[in-house]
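Just so it is clear, none of the values below were taken in a lab; they were calculated from the coordinates. These numbers were taken from a predicted model, which means no experiment stands behind them. Every residue, glycine among them, receives a Cβ derived from its backbone with ideal geometry; neighbour counts consider all protein chains shown.
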Amino acid sequence: MSRAIAVRAVEAFELAACAGQLERLYRQCFSTPPWLEPEERLARFHDRLDGHVSNPGAGGVLVSDGDELVGAIYGWPAGRELASGSPFDDALAAAAPPEIAQRLVAPAVVVAELMVDPRHQRRGIGRALLTRYVEEWPAAWLATHPEAPAATMYRQAGWRQEFEFAVDTRPMVVFTWQAPRRTAPSARRAVRG
């Protein structure tokens, strides 16, 4: 990596403004195994991005090397109920056991996409993006292909593999994360005297 690495938090409108760069990154990440997304799905990235950034509170973090976008993560605050109406949302809701479904709603944050240019992988960018994106939230969740190399990173970062499901025959696995509990100072230490 060069010295021109820049990391910046962005809001929905900034994600939309980077649609072309995000699509390039998406194609690099999801046209190869285990994803092997067909051209028709790759070509619909702009439509999915438009839907994603229309969620209230959508935002993310971008990593650039000079003028080139090399990493991105984005999502939005989860709603009070699981979403419905898309093949992904409907498949997820149908497969989620009730005790896990309650961890996929507010106050959790949804990680919709985490992408790192394959030429920049294995340098800690993905883990840094993930950590930064969820650091202010009490909980988070994401879905990925069970054979994706990132699944190992999620486990190593303390994410919990919960359940598998399929979307249009594509296997998926859900991971959840809980913020570490902060211990309050004991009453004894808090009282001076």
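A few remarks follow.
- Only alpha carbons enter this Debye calculation for the stretch 1-138, each as an equal point scatterer, and the log10 of I(q)/I(0) it gives at q = 0.10 Å⁻¹ is -0.35.
- Average Cα contact separation per residue, the chain, under 8 Å, 6 or more apart, as relative contact order %: 19 percent
- Most fluctuating residue given options Thr131, Thr169, Thr32, as computed from a GNM of the chain linking Cα atoms under 10 Å: Thr169
- Whole-number percent relative contact order across the stretch 27-135, with pairs defined as alpha carbons under 8 Å at least 6 apart: 28 percent
- Low-density loop cleavage sites - GluC sites (Glu not before Pro) in the stretch 6-104, where at most 14 other Cβ are within 10 Å (DSSP): Glu81
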